[in-house]
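Heads up: the structure comes next, in structure tokens.
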Amino acid sequence: MSRSVLVTGGNRGIGLAIARAFAEGGDAVAVTHRSGEPPEGLFGVRCDITDPEQVEAAYKEVEEKQGPVEVLVANAGITRDQLLLRMSEEDFSAVLDTNLTGTYRVVKRAARGMLRARKGRIVLISSVVGLMGQAGQANYAASKAGLVGFARSLSRELGSRNITCNVVSPGFVDTDMTRALSDEQRADFVKQVPLGRYAQPEEVASSVRFLASDEAAYITGAVIPVDGGLGMGH
């Protein structure tokens, strides 16, 4: 049966792969995007998740188009990398407000309908950096680590209503962002990965679709690494 799915930041990279995976499975899929045009074949809603009013407006659009959100994938995020002593408060706050507080906003709004329906699937996209840390990414790592505590708290809070909340933690993924790195940088990153390669966005999407499926109905509060072994032990 087709479900109403919302993927934040679903207009490119990992988010787009996730959105397309759900659409190929027969679900009705909406994606949020801050700029540009929505991907072909997907329902796009312009939304900056740092603005509560835009989040509310986006949900109303989605609900009118495809019904209350039954599967939420909170993927939207930003980076503002800088060593700690050079990192401004604005750089730190902006990343936390988008990656962590923005996720709180979209999850809280989705949970309203899920609680009424007594069912739902929430998947948060974190990062191996949130578990391992990375020099120059204290703000990003803090925001992504925060998603784990957030998800596990919600698992306990919402579980009795048949709502699951899980985290997917990608490692180095072959996207436009990582392709912009130099060949030397890409080679250095790959050396750290036991499987010796970057992930494809579709490999992350497969894990997200599984967590939203009936087969994963008894999985909640989990952190699923899709990182080629990079973060094991964390």
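Quick notes on this one:
- Equivalent-ellipsoid semi-axes for the chain (Cα gyration tensor, √(5λ), whole Å, largest first): 27, 19, 18.
- Taking only protein heavy atoms and a 1.4 Å probe, the accessible area of the range 47-101 is 50% carbon and sulfur.
- Hull volume in cubic angstrom per residue (convex hull over the Cα atoms of the range 12-106): 103 Å³
- Surface composition of the range 110-170: carbon and sulfur atoms hold 48% of the protein heavy-atom accessible area at a 1.4 Å probe.
- Put the Cα centre of the range 40-86 next to the Cα centre of the range 164-215 and the gap is 21 Å.
- Whether the range 64-143 is rounded, prolate or oblate, judged on the alpha carbon gyration tensor where a/c under 1.5 counts as rounded: prolate
- Gaussian network model of the chain, Cα within-10 Å springs - most flexible of ARG197, ARG116, ARG12: ARG116
- Using the 1.4 Å probe convention, the accessible area of the range 99-234 works out to 49 Å² per residue with neighbouring protein chains retained.
- Distance between the pseudo-spin-label points of ILE219 and MET177 (7 Å out from Cα toward the beta carbon): 2.2 nm.
- With protein chains left intact and a 1.4 Å probe, residues in the range 1-60 average 47 Å² of accessible area per residue.
- Charge dipole of the range 24-130 about the Cα centre (unit charges at C-beta), most positive-ward option of PRO52, ILE122, LEU96: ILE122
- Straight-line reach from LYS191: taking Cα to Cα under 24 Å and skipping same-chain neighbours fewer than 8 places apart, the lysines in range are LYS144.
- Debye-sum result for the range 138-234 in log10 I(q)/I(0), which assumes one identical scatterer on each alpha carbon, at q = 0.14, 0.22, 0.23 Å⁻¹: -0.62, -1.18, -1.24
- Cross-link partners for LYS65 among the lysines, with Cα-Cα distance under 26 Å and sequence neighbours closer than 8 places in the same chain left out: LYS108, LYS119.
- Full extension of the chain segment joining GLU64 with PHE210 gains 49.9 nm, where the gain is 0.36 nm per residue of separation less the Cα-Cα distance.
- Extended-chain gain in nm, criterion 0.36 nm per residue less alpha-carbon gap, GLU203 and THR50: 52.3 nm
The values are calculated or read from the model by the stated rules, or taken from the named source; none is laboratory data. Keep in mind that what you see is a predicted model, and the values were worked out from it rather than measured. When we count neighbours, we look across all protein chains shown, and the Cβ atoms used for this are built from the backbone with ideal geometry, even at glycine. These accessible areas exclude ligands, DNA and RNA; they are computed on the full protein's heavy atoms, side chains included. Shrake-Rupley method; radii C 1.70, N 1.55, O 1.52, S 1.80 Å.
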